[in-house]
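Student: Next up is a structure, given as structure tokens.
The values are calculated or read from the model by the stated rules, or taken from the named source; none is laboratory data. Note that the coordinates shown come from a computational prediction; the quantities given were computed from them, not determined experimentally. Positions of Cβ are generated from backbone atoms using ideal geometry, with glycine treated the same way; all protein chains shown enter the neighbour counts. Each accessible area value is taken on the protein alone, full model and side chains, heavy atoms only, with ligands, DNA and RNA left out. Shrake-Rupley method; radii C 1.70, N 1.55, O 1.52, S 1.80 Å.
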Amino acid sequence: MSGSNLFGEIRRLARTSGAVGGIAARVAGERVFGIKTDRAAHAEDLKAILGGLKGPLMKVAQFLSTVPDALPAEYALELAQLQANAPPMGWNFVRRRMASELGPDWMSKFRSFTHEAAAAASLGQVHRATLPDGMDVACKLQYPDMPSTVEADLRQMKMAMAVYQRMDNAIHQDEIYKELRERLREELDYEREAAQMRLYTIMLKDHPSVHVPVPITGYSTKRLLTMTWLDGRPLMQRLAEDPPQEERNRIAEALFRAWYVPFYRFGVIHGDPHLGNYQVKPDGSVNLLDFGAIRVFGTKFVRGVNELFEAVRDRDDDKARQAYESWGFADLSQEKMDVLNEWARFLYEPLTQDRVRRIQESDDPMFGREVAQRVHAGLQRTGGVMPPREFVLMDRSALGLGGVFLRLKAELNWSKLFHELTDGFNEAELAARQAAALKEAGVPLAR
């Protein structure tokens, strides 16, 4: 590690250790000494600290807020409200960073380049610009010292997760942490993200309801990603105008295809389904953005997802066990299986009913959390489980998209959409499609 990176990490640790250490002390005090603490108030403090920090600790917190039982409910509730929208860096910062990526004459490479950021996120910020040929582009520029920032944040998150693990054994988090660590490190490489963007263009070429930006060769580096500009509106902004049901359904169907055509046809998932990563157009089509958190699965994992659907539909415990074990769940007693199956039924129920319906038909807004709490209690009672690494982004996507479909109040035949993608599933054909698409896009395999 270079001296500058070391000092950057030390600074980051100094800024975050108070927040994470505070969590650790209060949670441990309540667990060991019976000291009661106001978790909700502390969680609000944590949200404020993380939101002001920019960086990946905020992104990890967003991630963990969607993984059931990875954090106490009070923390998850507050952290779920974090949207990666930190205040942008100023123009002097941008000029220096652009010069370091494209050279001192970088401004001559553009017809125009906005001084103000169009969007700011956890790892970088986006500026709108125009190329000499008149093409409008988005330039995503990474903040400085992000490698050291990532490493410092991961150390803090590992400590916080370890403390929570000692007080709650329902979810053994070793593999969750490893997955977070690898995906976050990959997100620092914008050349990799450009390749993943090309991959999504390939996978979704036959689906005009989903738009993917195109990376611009010669204007991108490991820390600068220049891509075509896509016009669209934030989903929540459009929902505030109470669009008609038909439009809500078109948006939901486009999002379903954006996530699950890549998964069921190519074994690839976009692992970051929060609201800032897509926009909507007037015709109900969507812009899919931010391709840093992408996971490529082995074909056996995809087969297991199909097998678990069949197990839920047919109430077949033997097939369910086969699916869980193909993913890497180990030492599953029948009691643990029963608990996991309750979670599986919650996720798969809309796919088992061949009719138009909402993704959740219960009028109780707490229904999903109540299911999660029962599953959590059951896992605690039976000694807990260790989710395999590959399961983390898949589960996150299913929960994240389910939340979006709830907000949309979409009414679709989810079973029909699912079967369009999965009927006639052939593992060898999926492997061939996946290999060809990865090669064409230039995407390196995940570790």
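Student: State all residues of the stretch 420-446 that are at pLDDT 95 or above and open to solvent by less than 50 Å² (accessible area, probe 1.4 Å); if no residue qualifies, say none.
Tutor: Matches in the stretch 420-446: Leu421, Thr422, Leu430, Ala431, Gln434, Ala437, Leu438, Ala441, Gly442.
Student: A further question on this structure: Provide a single number: the residues in the stretch 101-138 that are assigned to a helix (DSSP H, G or I) and farther than 23 Å from Phe291 by Cα.
Tutor: 4
Student: Can you tell me which residue in the stretch 299-329 is least open to solvent (accessible area, probe 1.4 Å), limited to those that are under 25 Å from Ala431 (Cβ atoms) and not in a helix (DSSP H, G or I)?
Tutor: By that ranking, first place goes to Phe329.
Student: Something else about it: Could you list, in sequence order, the residues of the stretch 234-266 that are open to solvent by 10 Å² or more (accessible area, probe 1.4 Å) and either of a type in the set (Gly, Ala, Ser) or not in a helix (DSSP H, G or I) (or both)?
Tutor: If the condition is that a residue be open to solvent by 10 Å² or more (accessible area, probe 1.4 Å) and either of a type in the set (Gly, Ala, Ser) or not in a helix (DSSP H, G or I) (or both), then Pro234, Ala240, Glu241, Asp242, Pro244 are the ones that fit.
Student: If you go through the stretch 155-175 one residue at a time, do you hit one that is touching a residue at least 40 places away in the same chain (Cβ under 8 Å) and closer than 19 Å to Phe297 by Cβ?
Tutor: yes
Student: Go through the residues of the stretch 376-384 one by one and say whether even a single one is open to solvent by less than 10 Å² (accessible area, probe 1.4 Å), in a helix (DSSP H, G or I) and more than 30 Å from Ala252 (Cβ to Cβ).
Tutor: Scanning the stretch 376-384, I find at least one residue that is open to solvent by less than 10 Å² (accessible area, probe 1.4 Å), in a helix (DSSP H, G or I) and more than 30 Å from Ala252 (Cβ to Cβ), so the answer is yes.
Student: Checking the condition in contact with a Cys (Cβ under 6 Å, 6 or more places away or on another chain) and either of a type outside the set (Gly, Ala, Ser) or touching a residue at least 60 places away in the same chain (Cβ under 8 Å) (or both), which residue from Thr201, Thr221, Thr217, Thr226 passes?
Tutor: Among Thr201, Thr221, Thr217, Thr226, only Thr226 is in contact with a Cys (Cβ under 6 Å, 6 or more places away or on another chain) and either of a type outside the set (Gly, Ala, Ser) or touching a residue at least 60 places away in the same chain (Cβ under 8 Å) (or both).
Student: What is the residue count in the stretch 184-200 for residues that are open to solvent by less than 20 Å² (accessible area, probe 1.4 Å), farther than 17 Å from Phe266 by Cβ and in contact with a Leu (Cβ under 9 Å, 6 or more places away or on another chain)?
Tutor: Residues meeting the conditions: 5.
Student: How many of the residues in the stretch 330-375 are at pLDDT 90 or above and open to solvent by 70 Å² or more (accessible area, probe 1.4 Å)?
Tutor: 9
Student: Shifting gears a bit: Taking the stretch 89-142 on its own, how many of its residues are of a type in the set (D, E, K, R), open to solvent by 70 Å² or more (accessible area, probe 1.4 Å) and either more than 23 Å from Arg233 (Cβ to Cβ) or touching a Phe, Trp or Tyr at 6+ places or on another chain (Cβ under 7 Å) (or both)?
Tutor: Of the residues in that region, 6 qualify.
Student: Let me ask you something else. Working only within the stretch 154-170, note down all residues that are crowded, with 17+ Cβ neighbours inside 10 Å, in a helix (DSSP H, G or I) and modelled with pLDDT under 75.
Tutor: Answer for the stretch 154-170, where residues must be crowded, with 17+ Cβ neighbours inside 10 Å, in a helix (DSSP H, G or I) and modelled with pLDDT under 75: Gln156, Met157, Ala160, Met161, Val163, Tyr164, Gln165.
Student: Something else: Looking at the stretch 386-403, I want the residues that are closer than 19 Å to Leu184 by Cβ and have a partner that is of a type in the set (Lys, Arg) with Cβ atoms under 8 Å, at least 6 apart or on another chain. Which pairs are those?
Tutor: Sorted first by the residue in the stretch 386-403, then by its partner, the pairs are Arg389/Lys178; Glu390/Arg295; Leu393/Arg183; Leu393/Arg295; Met394/Arg295.
Student: Working only within the stretch 273-297, note down all residues that are in contact (Cβ under 8 Å) with a residue 40 or more places away in the chain and farther than 17 Å from His207 by Cα.
Tutor: Listed by number, the residues that qualify are Pro273, His274, Leu275, Gly276, Asp290, Phe291, Gly292, Ala293, Ile294, Arg295, Val296, Phe297.
Student: A follow-up question, please. Could you list, in sequence order, the residues of the stretch 267-298 that are open to solvent by 30 Å² or more (accessible area, probe 1.4 Å) and assigned to a helix (DSSP H, G or I)?
Tutor: Correct list: Leu275, Gly276.
Student: Now for a separate question. From the list Leu421, Leu406, Leu438, which one is in contact with a helix residue (DSSP H, G or I) (Cβ under 6 Å, 6 or more places away or on another chain) and either assigned to a helix (DSSP H, G or I) or not polar (S, T, N, Q) (or both)?
Tutor: None of the other options fit; the residue is Leu421.
Student: With respect to the numbered conditions (1) within 30 Å of Gln380 (Cα to Cα); (2) among the aromatic types (Phe, Trp, Tyr); (3) not in a helix (DSSP H, G or I), which one is the sole condition not fulfilled by Tyr219?
Tutor: The one condition Tyr219 does not meet is (1).
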